[in-house]
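The values are calculated or read from the model by the stated rules, or taken from the named source; none is laboratory data. All values derive from a computational prediction rather than experimental measurement. Positions of Cβ are generated from backbone atoms using ideal geometry, with glycine treated the same way; all protein chains shown enter the neighbour counts. Ligands, DNA and RNA are stripped out before the accessible areas are found, and what is left, the full protein with its side chains, is counted by its heavy atoms. Shrake-Rupley method; radii C 1.70, N 1.55, O 1.52, S 1.80 Å.
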Amino acid sequence: MGIIKILPYILLAIAVFLVFKKFRKAPSDMARKPSSNKMVACCVCETHIPENEAISHNGKIYCSKEHLE
């Protein structure tokens, strides 16, 4: 009779463990994914920025409009 009273607590503990394990694993999986944006350097200050945010003009790459001018 004793194991029947303890069984729901054991099942609950296993379920809680699996939920925490799943949530703990999710951010680390996202951190491992490589970014699809290539990083490029500004030709003025050499700051690296994502390629999709860079300003390209006459074959050169700039990080801002101020550096373009």
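Cβ-Cβ contacts under 8 Å between residues 6 or more apart (or on different chains), taken from a first residue in the range 45-69 that is among the hydroxyl-bearing types (Ser, Thr, Tyr) to a second residue that is outside any helix (DSSP H, G or I) and open to solvent by less than 60 Å² (accessible area, probe 1.4 Å), are listed as Thr47/Ala41; Thr47/Cys63; Ser56/Tyr62; Tyr62/Cys42; Tyr62/Ala54; Tyr62/Ile55; Ser64/Cys42; Ser64/Ile55. Hey, can you tell me all the residues within the range 45-60 that are touching a helix residue (DSSP H, G or I) at 6+ places or on another chain (Cβ under 7 Å) and open to solvent by 80 Å² or more (accessible area, probe 1.4 Å)? The answer is His57, and nothing else. Considering (1) open to solvent by 100 Å² or more (accessible area, probe 1.4 Å); (2) at pLDDT below 90; (3) over 30 Å from His67 (Cα atoms), the lone condition that Phe17 does not fulfil carries the number (2).
Matching residues to (1) modelled with pLDDT of 90 or more; (2) within 28 Å of the chain's Cα centre (by Cα):
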position: Tyr9; (1), (2): yes, no
position: Arg24; (1), (2): no, yes
position: Asp29; (1), (2): no, yes
position: Ala41; (1), (2): yes, yes
position: His48; (1), (2): yes, yes
